[in-house]
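The values are calculated or read from the model by the stated rules, or taken from the named source; none is laboratory data. Small disclaimer: the values here were computed from a predicted structure and weren't measured. Neighbour counts run over all protein chains shown; Cβ positions are idealised from the backbone, glycine included. Only protein heavy atoms, including side chains, enter the accessible area calculation; ligands, DNA and RNA are left aside. Shrake-Rupley method; radii C 1.70, N 1.55, O 1.52, S 1.80 Å.
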There are 2 protein chains.
Amino acid sequence: MNLEKRKRSPLKTDFFTTFLEEGQSLVRISLSELERLTYELLKAAGLSAEHAGVVADVFMRATYRGVGHHDIYELPGRIDQLLKGGINAKPAIKRLHKYAALENYDGDNGLGELCGMFIMRRAEKLADEHGIGLCAIRNTRHILASSPYVEAAAQDGYIGYIVTRGAPTMGAPGRKEKVIGTSPMGYAVPTDKGYPLMFDACLAYASNGVLSDKAQAGERVPAHWGLDADGNPTDDPAAMSLPKGGTRLPIGGHKGFGLTILGEILTGLLSEGQLIDEPQPGTGEVGVPSHTAVCIKADGLLGREGLARRTSELIGRMEARAPGLIVPGKRSSESRVGILSRGGIDVPKGLIDKLNERASLLDVTPLTG
Amino acid sequence: MNLEKRKRSPLKTDFFTTFLEEGQSLVRISLSELERLTYELLKAAGLSAEHAGVVADVFMRATYRGVGHHDIYELPGRIDQLLKGGINAKPAIKRLHKYAALENYDGDNGLGELCGMFIMRRAEKLADEHGIGLCAIRNTRHILASSPYVEAAAQDGYIGYIVTRGAPTMGAPGRKEKVIGTSPMGYAVPTDKGYPLMFDACLAYASNGVLSDKAQAGERVPAHWGLDADGNPTDDPAAMSLPKGGTRLPIGGHKGFGLTILGEILTGLLSEGQLIDEPQPGTGEVGVPSHTAVCIKADGLLGREGLARRTSELIGRMEARAPGLIVPGKRSSESRVGILSRGGIDVPKGLIDKLNERASLLDVTPLTG
């Protein structure tokens with residue numbers, strides 16, 4: 001994280017070039033080689049072959065979106081956490097309760113990427129049976145991003161939705177206290193356009209990552225995005241970010257705040273996990289994630305083809321009204337197509353070094369380059 | 001609508017006092033008397049006794065929130081529409097498709113208040129059987145507000161959610177065209193505090209009603225709320241409102257935009273209704289509403305008592321972090337308690353006159369006062 005300069009520039013065809021420190025070189029790595037290393041590192045860090053495969057798939061899905069964070073950049077940290085025991089490499093995911101199309105689980109402090117895909121697949125099964133299914137999980141870790149899970153569901157023909165929780169880091173309208181998390185969430189819907197309609201965002205105006213990017217670029221941000229450590233309005237992105245003690249604010253004031261509370265209900269509450277600043281029993285840790293996936297199998301209402309066709313028509317009608325409109329999911333798809341057409345992803349040497357340090361430690365074949 | 005001056009002031013104990021033109025008097029009417037008139041007007045306008053009862057209940061629930069619009073103020077207009085045939089007083093609601101916990105219906109151009117409560121009650125039944133249920137309806141009318149439906153669901157012990165659609169009146173980030181509706185939605189969750197956690201909002205920064213209030217008060221609004229008729233940023237609330245050709249913008253830019261698209265998917269698409277600017281077959285009308293209700297019966301996961309207790313704990317933890325925090329649903333509850341303790345609601349003479357004009361026309365006993 002220290003070596004690469006992060007800057008969002010989603011219109012660039014290869015995002016990694018924008019994160020380079022001056023003088024740092026790029027190495028083109030094929031996605032399959034990156035997935036191979038990810039899989040082997042996870043397995044060497046203690047995951048079963050099946051779990052390592054699931055988690056490597058999540059990392060690849062996150063990475064080819066071209067965002068430049070919440071993706072392969074987080075892998076070195078995850079490996080370190082697995083090795084230190086901060087995350088359980090061999091979780092025994094246990095069902096707590098089930099009622100028809102509702103289920104909740106304890107994740108046994110397993111990787112968020114594993115638990116997230118587990119609940120999405122369970123929600124798909126429940127939707128097969130009931131048309132709609134909801135599966136929640138507590139006692140797990142960060143899911144990286146929402147896209148990998150909802151994209152997988154949409155590829156299987158479902159409307160997929162996922163939402164997650166963490167510690168209270170966001171404010172409420174007219175207040176300076178941090179009262180709730182930012183309720184990161186995402187959804188995807190099948191289309192017949194070659195990529196799903198896909199959305200992935202938290203309900204604060206800006207993630208800490210975006211604020212950090214803006215600060216590095218010397219930019220100011222709208223003052224309604226957040227407060228500084230003293231609770232005063234500021235247009236300094238660093239001052240409103242969490243590391244500086246700032247408080248980000250929910251989109252649209254009471255509107256984003258209300259939607260965030262719904263996220264906390266769906267996750268912390270329905271998973272039988274923690275709420276707001278509630279410490280986890282046993283560990284006392286605050287902010288332990290819970291996640292919840294919902295799948296809708298609309299086949300019984302309008303057919304699988306009908307869902308994809310109508311979703312494309314919805315997009316087409318918006319694009320006809322506003323030519324060139326950026327439709328959620330389109331940039332991720334373009335990024336993926338770009339990487340595939342170039343035969344690989346250009347990764348900064350600094351990140352390769354970090355990955356290869358772990359490979360060396362775990363006796364895994366390193367990335368060449 | 002012309003006689004009463006509307007101004008939001010939710011902290012006032014009796015909101016109607018703030019809508020008065022100078023010199024206009026208030027008359028205290030009991031809620032039961034107002035419900036009696038509503039019921040009788042609806043019945044005289046052609047609704048069955050059962051339907052009139054359902055719709056009168058929705059109007060009362062909307063009215064005791066104390067918002068001052070999207071409530072009893074809309075009744076004269078609804079009665080006129082029923083009498084003119086713009087809304088079907090005797091709709092034959094027809095099921096289109098069903099698959100386990102998913103259902104969709106055609107509302108036969110019936111009242112939104114009727115169709116909205118119909119789908120919420122169906123979603124409750126589906127949740128009884130499946131733990132979660134989703135019911136969509138097309139070819140209907142405006143639902144007034146989200147609160148009445150989700151409040152009813154929460155009172156029955158469910159997590160209730162409703163979302164609705166209309167014509168494209170909202171913009172997208174960085175665009176000046178109107179590309180989508182504002183996706184009005186709401187949810188409610190039972191608590192053991194005497195009122196549900198309850199949320200009701202659209203996903204534009206401001207409703208046209210709020211903009212009208214601000215304009216009347218001579219206030220300016222943040223420029224990120226919308227654009228004028230030429231697509232330029234403005235802080236003039238009137239200029240960005242729909243009647244002036246303005247374009248309101250989604251909360252948080254691409255975030256609110258993405259969430260609004262999900263609303264269109266859940267409503268227009270799953271109901272097999274219209275999308276964006278699609279004309280309704282037969283009538284050619286654009287913007288015909290569809291609504292979708294989702295209910296979750298969490299009893300099987302954590303028990304009905306557990307849901308209410310944990311939701312209250314969630315609220316309590318936020319309030320402990322930010323004493324005096326306005327929790328969604330609390331003001332509605334306070335308004336209701338105030339009305340009940342005063343033995344009635346203070347209604348402007350102008351509105352009473354409008355209601356009594358319809359009463360006279362339909363041979364219904366008028367409100368006294």
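Go through the range B:321-346 and report how many residues are more than 8 Å from every other protein chain (Cβ to nearest Cβ), in contact with an Asp or Glu (Cβ under 8 Å, 6 or more places away or on another chain) and open to solvent by 60 Å² or more (accessible area, probe 1.4 Å). Number satisfying all stated conditions: 1. The number of residues in the range A:295-313 that are crowded, with 23+ Cβ neighbours inside 10 Å, of a type in the set (A, V, I, L, M, F, W, C) and facing chain B (nearest Cβ under 8 Å) comes to 4.
Restricting attention to the range A:196-210, the residues that are free of Cβ contacts under 8 Å to residues at least 60 places away in the same chain and more than 14 Å from chain B (Cβ to nearest Cβ) total 1.
Per-residue answers, yes or no, for (1) open to solvent by less than 20 Å² (accessible area, probe 1.4 Å); (2) away from every other protein chain (no Cβ under 14 Å); (3) not β-branched (Val, Ile, Thr):
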| position | (1), (2), (3) |
| --- | --- |
| B:Ile143 | yes, yes, no |
| B:Gln155 | no, yes, yes |
| B:Ile159 | yes, no, no |
| B:Pro168 | yes, no, yes |
| B:Arg175 | no, no, yes |
| B:Pro184 | no, no, yes |
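Could you tell me which residue of the range B:300-355 is nearest to A:Leu275 (Cα to Cα), considering only residues that are free of Cβ contacts under 8 Å to residues at least 12 places away in the same chain and not in a helix (DSSP H, G or I)? Among residues in the range B:300-355 that are free of Cβ contacts under 8 Å to residues at least 12 places away in the same chain and not in a helix (DSSP H, G or I), the one nearest to A:Leu275 (Cα to Cα) is B:Ala322. Set side by side, the residues A:Leu275, A:Leu269 differ, and just one is facing chain B (nearest Cβ under 7 Å), open to solvent by less than 20 Å² (accessible area, probe 1.4 Å) and over 24 Å from A:Arg121 (Cβ atoms), which is A:Leu275.
Counting just the residues of the range B:189-218 that are under 25 Å from the mean Cα position of the chain (by Cα) and surrounded by fewer than 14 Cβ atoms within 10 Å (Cβ to Cβ), which one comes out nearest to B:Arg65 (Cα to Cα)?
Just the residues of the range B:189-218 that are under 25 Å from the mean Cα position of the chain (by Cα), to begin with: B:189-217.
Narrowing the set further to residues that are surrounded by fewer than 14 Cβ atoms within 10 Å (Cβ to Cβ) leaves B:192, B:194, B:216-217.
Details: B:Asp192: 19, B:Gly194: 15, B:Gln216: 22, B:Ala217: 22 Å.
Checked the range B:189-218; the qualifying residue nearest to B:Arg65 (Cα to Cα) is B:Gly194.
Exactly one of (1) among the hydrophobic types (A, V, I, L, M, F, W, C); (2) touching a Cys at 6+ places or on another chain (Cβ under 8 Å); (3) free of Cβ contacts under 8 Å to residues at least 12 places away in the same chain is unmet by A:Leu275. Its number? In the conditions (1) among the hydrophobic types (A, V, I, L, M, F, W, C); (2) touching a Cys at 6+ places or on another chain (Cβ under 8 Å); (3) free of Cβ contacts under 8 Å to residues at least 12 places away in the same chain, A:Leu275 misses (2) alone. For the range A:99-137, the tally of residues that are open to solvent by 10 Å² or more (accessible area, probe 1.4 Å), facing chain B (nearest Cβ under 7 Å) and in a strand (DSSP E or B) stands at 1. When restricted to residues that are open to solvent by 40 Å² or more (accessible area, probe 1.4 Å) and within 16 Å of B:Glu113 (Cα to Cα), the range B:86-98 contains 4. Taking A:Ala89 as the residue in question, decide whether it is modelled with pLDDT of 90 or more, small (Gly, Ala, Ser) and closer than 28 Å to A:Leu270 by Cβ. Here the answer is yes, as A:Ala89 does meet what is asked.
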